[in-house]
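The values are calculated or read from the model by the stated rules, or taken from the named source; none is laboratory data. Bear in mind that the values here come from a model prediction, so they are computed numbers and not experimental data. Here the Cβ is made from the backbone with ideal geometry for all residues, glycine too, and neighbour counts use every protein chain on show. Quick note on the areas: whole protein, heavy atoms, side chains included, nothing else; ligands and nucleic acids left out. Shrake-Rupley method; radii C 1.70, N 1.55, O 1.52, S 1.80 Å.
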Amino acid sequence: MITGKGITKTFRQRGSMLGAREVPALRGVDFSMEKGGAVSFIGESGCGKTTLGRILAGLESYDSGEIAIDGVPMSSLSHRQRQSHFRRIQLIHQDPYSALNPARTIHQTLDAPLTLRAKQTGRSRSWIDERAEELLGLVGLDPGYVLSRYPHQLSGGMRQRVVIARALTVDPDMLVADEATSMIDVSLRLGILALLKDLRDRLGVSVLFITHDVATARYIGLDGELYVIYRGQVVERGPVETVIADPVHPYTQSLLSAIPVLHGLEVPGAERVTPTEAIDPNRKDTGCLFAPRCPFRTDRCEAETPVLGHDGGTVQEHACFHPRRRSVVATPAVQA
Amino acid sequence: MPVTDKRAPGVRISDLSVVYRTGAGELPAVRGVDLELVPGTITGVVGESGSGKSTLALSMLNAVQPPGRIRSGSVDIDGLGDVVTLGGEDLRKTRGRHVGYVFQAAQNSLNPLKTIGKQLLDLGRSHEVDDLPGLVKEARSLLDRMGLDGARVLDSYQHELSGGMRQRVGIMLALVLNAHVVVLDEPTTALDMITQATILRIIREVHEERGLTTLVITHDLGVVAEIADRLAVMYGGRLVEQGPTREVLGAPRHPYTRGLLQAIPRLVGDIDEARALPGRPPTLGTIPPDGCVFRERCDVRMDVCETGEPPVLTIGPRIVACHTAAGEGEQKETVTTGPTRGEEQA
Ligand SMILES: Nc1ncnc2c1ncn2[C@@H]1O[C@H](COP(=O)(O)OP(=O)(O)OP(=O)(O)O)[C@@H](O)[C@H]1O
Ligand SMILES: Nc1ncnc2c1ncn2[C@@H]1O[C@H](COP(=O)(O)OP(=O)(O)OP(=O)(O)O)[C@@H](O)[C@H]1O
Ligand code: SF4
Ligand code: SF4
Ligand SMILES: [Mg+2]
Ligand SMILES: [Mg+2]
């Protein structure tokens, strides 16, 4: 189990045209995931999804807050001890092509980390090849076909499976999949999603799934949780089906309203929300961060800051003074 | 369907084949494509990576670059004639002036060293625009129209603009010379959902206001579903199905279209209904030279699909290229015969 409490992160950009500039990427985020669980982050570009994912994977520092793995606060450990915890969390890169060395066969790609693993666990040379084949089988690839090939000889979906197989060489507890399916052809996308779900079910691996494509979050498990992030803050959080079918935060509703409707197959939601175009979205940090773009803001929203909670008796948590259900998601058209 | 606009030209792509020279000889990336863009409509071409969409878009401007070439066919635009036969000055003037375009990854193709305004003036000069202040005014109003501060954007360098803003600059540059045929290759890729929805709305509005004939190329079925009047599905260099968007999505006829729709992750409904297509999309080297391009992944394949080119059938407003549809509609007379044909177009 991994938890995060009150995580903040501000990037300081120097040498930009406007002089030194502070970019608050995360503004006090709480997070928790059980072993074998699934959590998805959604939100606009630049909202802090990748930053949070990297922090939870130990790849990025944070300014304040605390991360604990299986109850052990990371701040209590030495750098070395911390590294051994974080090694159990593996990041899967969005672009399966640049994530693999083009000059190495798949065999070579898997051999290096497995050799290290064999050394750590006192296993023999023969275990390495067996394990490579086993892992490829696990991700649904035919070792006989794949092992001797180079990345460019494989399809996007196959490459992404290789990247996942490589992440599995260290027996991770958690995979952080950052836009892991967005560069993959639609016809292959479901296969990768099913694989992630399968790894949860069979190996008990937790999956942190970062995506622009909200619908994909359902396919790594309906038991998962969805976090909606806006400008470094979680604005709505709860069971994936609840947040998608019954969102109460206007920002979540805007995101879901923006998803293209498959006209002919679907009818658009009756109450789609279009955010107003913010003149300067970074204008002020008091009150609700979404207020400059929120069509439903009131004076209170400008003056006070909403915090996550179940206000109004909602199943999910939300940070809005005026939570209201709106039907924004498209529903299947009745077939004639 | 929007009202046909008198200004909007029609476009007829006929039997278009485009090949790339590779180590294994010339291989077709687009093969025997017939597509009509009805004046005043938005046509969406959807297909997976490598299916030939960008190659098709480039052909609309006769802009396929070596090692590629248009091997056969024509692209006939009202008032212009066949652009495949145009060359030199005529062709250069056509691009931008008559056919506006935003190439794939246009958001990364602006000149980083010049302001947007300077690049606009360069464009105007290269097309011998006399009234440059008028051009700037037009550009500004287009940008304003797209929800940007036009004056500020023209004074900006590329790195000062977000991805969504650059995408809009690209669309402005495609429209500013008053072209009435517009080609947009992946206009919203790499944008997030809310920005994408904004850009799609703007494309639709500008299309209607200006009376354009628009071709939108995308790998995302959702994008065409949202804005296109007609939809064409591309696979392995061929158009396998065409028709009014709602009809095709509501009742797909080609097994690939059906498979593609079934593979889309959906927001509601039973997740077990969604299914990945088996196999993988073909690449230039693995596209079968004859028979149906989709047969390796098709769950209703028949013996005839191995060798027989699928018949191109017109069924009302729809066109399907599949053996299973045989007998349902009218067969087109100009069934294409692949690589042996049309060597006259060097
Ligand atoms: N190394 C860095 N230096 C300065 N600013 C950064 C750095 N990394 C991220 N940022 C900023 O922090 C914010 C959050 O970025 P992050 O990459 O986490 O967003 P994201 O939600 O993953 O976006 P996307 O969907 O585009 O991947 C952005 O404003 C970004 O510009
Ligand atoms: N310059 C080139 N030389 C050789 N082959 C090429 C060249 N350009 C494109 N191809 C090949 O032609 C086929 C069609 O490419 P095209 O770029 O038209 O596809 P696309 O549908 O636009 O794909 P994407 O969705 O990735 O943009 C691909 O198999 C591609 O590898
Ligand atoms: S708190 Fe107010 S401004 Fe913020 S999302 Fe809710 S209604 Fe909108
Ligand atoms: S022609 Fe044959 S293989 Fe091709 S899509 Fe139709 S049934 Fe399938
Ligand atoms: Mg990111
Ligand atoms: Mg392309």
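Conditions tested, residue by residue: (1) in the same structural domain as B:T189 (by TED's automatic domain parsing); (2) more than 16 Å from ligand 1 (Cβ to nearest atom); (3) touching a strand residue (DSSP E or B) at 6+ places or on another chain (Cβ under 6 Å); (4) open to solvent by 30 Å² or more (accessible area, probe 1.4 Å).
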{"residue": "B:F103", "(1), (2), (3), (4)": "no, yes, yes, yes"}
{"residue": "B:D122", "(1), (2), (3), (4)": "no, yes, no, yes"}
{"residue": "B:S126", "(1), (2), (3), (4)": "no, yes, no, yes"}
{"residue": "B:D130", "(1), (2), (3), (4)": "no, yes, no, yes"}
{"residue": "B:V136", "(1), (2), (3), (4)": "no, yes, no, yes"}
{"residue": "B:L143", "(1), (2), (3), (4)": "no, yes, no, no"}
{"residue": "B:G150", "(1), (2), (3), (4)": "no, yes, no, no"}
{"residue": "B:L154", "(1), (2), (3), (4)": "no, yes, no, no"}
{"residue": "B:Y157", "(1), (2), (3), (4)": "no, yes, no, yes"}
>> Name the single residue that is modelled with the lowest pLDDT among those in the stretch B:319-336 being surrounded by 19 or more Cβ atoms within 10 Å (Cβ to Cβ) and in contact with an Asp or Glu (Cβ under 9 Å, 6 or more places away or on another chain).
In response: B:T336
> When the residues of the stretch B:191-227 are filtered to those that are over 20 Å from B:R145 (Cβ atoms) and more than 8 Å from every other protein chain (Cβ to nearest Cβ), which remaining residue is surrounded by the most Cβ atoms within 10 Å (Cβ to Cβ)?
Replying inline: B:V224
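Do we find that A:P295 is at pLDDT 95 or above, more than 24 Å from B:P265 (Cα to Cα), assigned to a loop (DSSP other than H, G, I, E, B) and open to solvent by less than 30 Å² (accessible area, probe 1.4 Å) in this structure?
So A:P295 fails the test.
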>> Anything in the stretch A:234-269 that is charged (D, E, K, R) and either within 7 Å of chain B (Cβ to nearest Cβ) or assigned to a strand (DSSP E or B) (or both)? List them, or say none.
In response: A:E236, A:R237, A:E266
> Give me the pairs: first residue in the stretch B:277-302 and open to solvent by 50 Å² or more (accessible area, probe 1.4 Å), second residue within 16 Å of ligand 5 (Cβ to nearest atom) and of a type outside the set (V, I, T), beta-carbon distance under 8 Å, and six or more apart or on different chains, which are they?
Replying inline: none
> Condition test on A:L255, is it in contact with a strand residue (DSSP E or B) (Cβ under 7 Å, 6 or more places away or on another chain) and more than 16 Å from ligand 4 (Cβ to nearest atom)?
Replying inline: yes
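Please pick out the residue among B:S17, B:S49, B:S72 that is open to solvent by 40 Å² or more (accessible area, probe 1.4 Å), of a type in the set (S, T, N, Q) and touching a residue at least 40 places away in the same chain (Cβ under 8 Å).
B:S49
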>> Against the conditions (1) open to solvent by less than 40 Å² (accessible area, probe 1.4 Å); (2) not assigned by TED's automatic domain parsing to the domain that holds B:E36; (3) not hydrophobic (A, V, I, L, M, F, W, C), where does B:T188 fall short? Just the number, please.
In response: (2)
> Which condition number in (1) within 10 Å of another protein chain (Cβ to nearest Cβ); (2) open to solvent by less than 10 Å² (accessible area, probe 1.4 Å) is the one that B:V169 fails?
Replying inline: (1)
